[in-house]
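The next block holds one structure in the form of structure tokens; read it before the comments.
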Amino acid sequence: MKIRSVIVITVFFAAAIAVNFLPRSAAQQRDRFSHSTTAHKKQDCASCHKIPTSNWLSARGFPDVAQFPGHVACASCHRQDFFVGNKPAFCAGCHTNAGPRSAPLFPFPVRSRSHEFATIFPHNVHQDVIARTRRGDAEVAVAHFVNASFRKLTDDPPKFNNCAICHETASSLPKFEPRMPAGQAPIAGDNFTPSAKFFKTMPSGHASCFECHYQGLEPVATNCAGCHRLTQPYFESAVVKRYSLKFDHSAVNDKGDLVHTRDCMTCHVRISGNGDLKTMKDADVPIMSCMSCHNHENDLKIELDKRAASKPFQCSYCHTAAIGALPAPPSHEK
Amino acid sequence: MPAPQKPQTLQRNFGNNSAARRLCVSAVVLFTLTCALQLAAQSTGVLEVNGRIKIEGKQERLKRKRFYLFRGGLAENKSLIDRIRAAEFVSRDCFYCRMNASPEFRSWLKAEDCESPFCREITAEDAAKVPEFKAAVEKGSRQYAKKPALAREWLTTNLSPQLRDGFYLQRKKAIDGLLAGMKPLQSGMTDSVSVKAIFIDIPIKPAAGKSTETFLISNLAPFEIGTKSYVWACEVEIGAEKKAVRALPVPESGKKADKCEVFVRDILACDGQGCAVK
């Protein structure tokens, strides 16, 4: 009886101690930091994030937010969470090894964690800002922004320079897949593989934006909400999705001359009026842009005619089998 | 025997529920059908604005110019036309003149017909020649001491606000004033090669017996060409059947352009003392 009592008391105390080591709130769960909590939403971004952080030079090469906020930012509300057990899970939000001794920080931001902010980039505003008064015929759209990545393209066709400030011809093949219309599943078929030069790059991080928006020009670096909106957590996909995977921006003709030498906006007609890409429901290049040139035999027209005559016919001039076997949308029938 | 009453009641209730359910389902189907029919009935059109214009026999190409599309014609948009007529835009030259920009700065803009310093690359030579650029680089060199090359690469971050984006902002403010809360249906820009602004997915609601609807296309903010500025407000009929094409007429002296209001004004230019007609 006495032994049993001792065991019960020991187990009780052990459990009581163990409870202290269990996570009591989301704040004590590894990787669970959320900007969306009511308390965090009330905070100004600058109350935690310093701009620039002290490590900007080594981490980025330009003034940037390149590190987690310091202990002070968390301690005012989460002081007790620092002292839960020997290895507080709270510390593992930023440190690679939770513990009382200083441990290295994860690279900021942690790419494997879900994103909580969407980036709003108004193409229409930027198109207006880089517009020129020039009307002469001799020139083509020449470069605009002062840009770290700016190169004078003497050999390349200069007509894309406007957009090429941010979107350059890709040097390595990105991950890609067909962009499927809503509710459609891809249909297996050909093994067409585009090359890197089919694609254009997209800016990531603050590097491109801060060249003009670091200070002075709104939204400035300290105005996070000027570009970022809190969203449901999501994992950023590096996969480029295209309706027309066979379109080659750098295609050349028999003589080796570039074929697609027009201004980007000649085809990307929806872009110049767009304030947020997420609101764009359809392709930014409508088929009518393609049809202005590719409306001859052996290209779109003949394929559309064949498609109208025989449903099993698969369009392959622009599309891979995943898209080419689907019914032609109304936009193609005009 | 009271026992059979219960099933009867249940049956009756079930019968009532069934009728109600049928009614609900019918209403939902009817509503869906109506919506589908409405969607099917809403057709869309395409408009192409041709940015090639002729001024005194010389062809000009309006590259990278923004146009706004409004529902209704000149009569329906009379208040907007009146505001455009009354509006006074400050010319690029006058704006920078009033901002006390140096002659070198204004020459740099003029050399490539730029509206702002974001227009083209500011070379090391430019940064040495133009006092405003030079000052910005010096300020940046102190600020980005750890990375001196940033001072020139990020030159615009140290320019004065008026010279940096003042012209764009005052234009934007003036356009917002003209719109006075109106929301254009769409806006689009001419490209620099074909010099056309293409508007697609324009929802068309033709009046009974008509296959097209009247829209208004305008640049709102004047385009500076030579010594004059131009604002167009032109009607265009857009239908679902074929692409509408709208040219921008330049009225000859004393003549009025067809279905168009074209406001042509002399551009005020900076002459060192102030702004005057060129």
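One table, with the values for the structure above:
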quantity	calculated
Odd one out for residue A:64, checked against (1) in contact (Cβ under 8 Å) with a residue 40 or more places away in the chain; (2) away from every other protein chain (no Cβ under 13 Å)	(2)
Hits in region A:315-334 (condition: out of contact with any strand residue (DSSP E or B) (no Cβ under 7 Å at 6 or more places or on another chain), surrounded by 14 or more Cβ atoms within 10 Å (Cβ to Cβ) and in a helix (DSSP H, G or I))	A:321, A:324, A:331, A:332
Selection status of residue A:266, among the polar types (S, T, N, Q) and touching a residue at least 12 places away in the same chain (Cβ under 8 Å)	yes
Of all residues making up region A:208-250, the number that are farther than 16 Å from residue A:126 by Cα and assigned to a helix (DSSP H, G or I)	2
Selection count where residues are out of contact with any Lys or Arg (no Cβ under 9 Å at 6 or more places or on another chain), more than 10 Å from chain A (Cβ to nearest Cβ) and touching a residue at least 24 places away in the same chain (Cβ under 8 Å), scope region B:176-201	1
Matching residues, region B:123-135, being more than 16 Å from residue B:103 (Cα to Cα) and facing chain A (nearest Cβ under 10 Å)	B:123
Residue in region A:178-194 that is part of a loop (DSSP other than H, G, I, E, B), free of Cβ contacts under 8 Å to residues at least 40 places away in the same chain and either under 30 Å from residue A:52 (Cβ atoms) or within 17 Å of the chain's Cα centre (by Cα) (or both) present	no
Subset of region A:236-265 [at pLDDT below 90 and over 21 Å from residue A:292 (Cβ atoms)]	A:236, A:237, A:238
Single residue of region B:202-227 satisfying the filter (in contact with a Ser or Thr (Cβ under 8 Å, 6 or more places away or on another chain) and outside any strand (DSSP E or B)) that is nearest to the other protein chains (Cβ to nearest Cβ)	B:222
Filter result for residue A:52 (within 14 Å of chain B (Cβ to nearest Cβ) and either at pLDDT 85 or above or not in a loop (DSSP other than H, G, I, E, B) (or both))	yes
Of the criteria (1) under 20 Å from the mean Cα position of the chain (by Cα); (2) within 14 Å of chain B (Cβ to nearest Cβ); (3) without any contact (Cβ under 8 Å) to a residue 24 or more places away in the chain, which one residue A:207 fails	(3)
Tally, over region B:136-146, of residues that are within 21 Å of residue A:53 (Cβ to Cβ), within 11 Å of chain A (Cβ to nearest Cβ) and in a helix (DSSP H, G or I)	2
Filtered residues of region B:175-193 (kept if in a loop (DSSP other than H, G, I, E, B) and either surrounded by fewer than 18 Cβ atoms within 10 Å (Cβ to Cβ) or not charged (D, E, K, R) (or both))	B:180, B:181, B:182, B:183, B:184, B:185, B:190, B:192, B:193
Positions within region A:174-195 being among the small types (Gly, Ala, Ser), loosely packed, with under 15 Cβ neighbours inside 10 Å and more than 17 Å from residue A:247 (Cβ to Cβ), in sequence order	A:182, A:183, A:185, A:188
Residues (part of a loop (DSSP other than H, G, I, E, B) and within 14 Å of chain B (Cβ to nearest Cβ)) located in region A:251-271	A:259, A:260, A:261, A:262, A:263, A:268, A:269, A:270
Identity of the residue in region B:147-164, more than 10 Å from chain A (Cβ to nearest Cβ) and touching a residue at least 24 places away in the same chain (Cβ under 8 Å), that ends up farthest from residue B:101 (Cα to Cα)	B:162
Residue list for region A:77-132, filter: of a type in the set (D, E, K, R) and either out of contact with any helix residue (DSSP H, G or I) (no Cβ under 6 Å at 6 or more places or on another chain) or surrounded by fewer than 17 Cβ atoms within 10 Å (Cβ to Cβ) (or both)	A:79, A:87, A:101, A:111, A:113, A:116, A:128, A:132
Qualifying residue in region A:226-241 (condition: within 29 Å of residue B:166 (Cα to Cα), in the same structural domain as residue A:165 (by TED's automatic domain parsing) and in contact with a Pro (Cβ under 8 Å, 6 or more places away or on another chain))	yes
Hits in region B:165-174 - residues which are without any contact (Cβ under 8 Å) to a residue 60 or more places away in the chain and either under 27 Å from residue A:291 (Cα atoms) or surrounded by 17 or more Cβ atoms within 10 Å (Cβ to Cβ) (or both)	B:165, B:168
Positions within region A:276-314 being outside any helix (DSSP H, G or I), more than 10 Å from every other protein chain (Cβ to nearest Cβ) and either touching a helix residue (DSSP H, G or I) at 6+ places or on another chain (Cβ under 6 Å) or buried (at least 18 other Cβ atoms within 10 Å of the Cβ) (or both), in sequence order	A:284, A:285, A:294, A:295, A:313, A:314
Condition check for residue A:24: at pLDDT below 90, surrounded by 12 or more Cβ atoms within 10 Å (Cβ to Cβ) and basic (Lys, Arg)	yes
Check on residue B:129, under 30 Å from residue B:79 (Cβ atoms), of a type in the set (Lys, Arg) and at pLDDT 95 or above	no
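Matching residues to (1) modelled with pLDDT of 95 or more; (2) in contact with a Cys (Cβ under 8 Å, 6 or more places away or on another chain); (3) buried (at least 16 other Cβ atoms within 10 Å of the Cβ):
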position: B:146; (1), (2), (3): no, no, no
position: B:157; (1), (2), (3): yes, yes, yes
position: B:195; (1), (2), (3): no, no, yes
position: B:205; (1), (2), (3): no, no, no
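The rows are residues; the columns are (1) more than 18 Å from the chain's Cα centre (by Cα); (2) modelled with pLDDT under 95; (3) within 14 Å of another protein chain (Cβ to nearest Cβ); (4) assigned to a helix (DSSP H, G or I).
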site: B:48; (1), (2), (3), (4): no, no, yes, no
site: B:60; (1), (2), (3), (4): yes, yes, yes, no
site: B:73; (1), (2), (3), (4): no, no, no, no
site: B:80; (1), (2), (3), (4): no, no, no, yes
site: B:83; (1), (2), (3), (4): no, no, no, yes
site: B:93; (1), (2), (3), (4): yes, yes, yes, yes
site: B:97; (1), (2), (3), (4): yes, yes, no, yes
site: B:107; (1), (2), (3), (4): yes, yes, no, yes
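The values are calculated or read from the model by the stated rules, or taken from the named source; none is laboratory data. Quantities reported herein were computed from a predicted structural model and do not represent experimental measurements. Note that each Cβ is placed from the backbone with ideal geometry, even for glycine, and that neighbours are counted across all protein chains shown.
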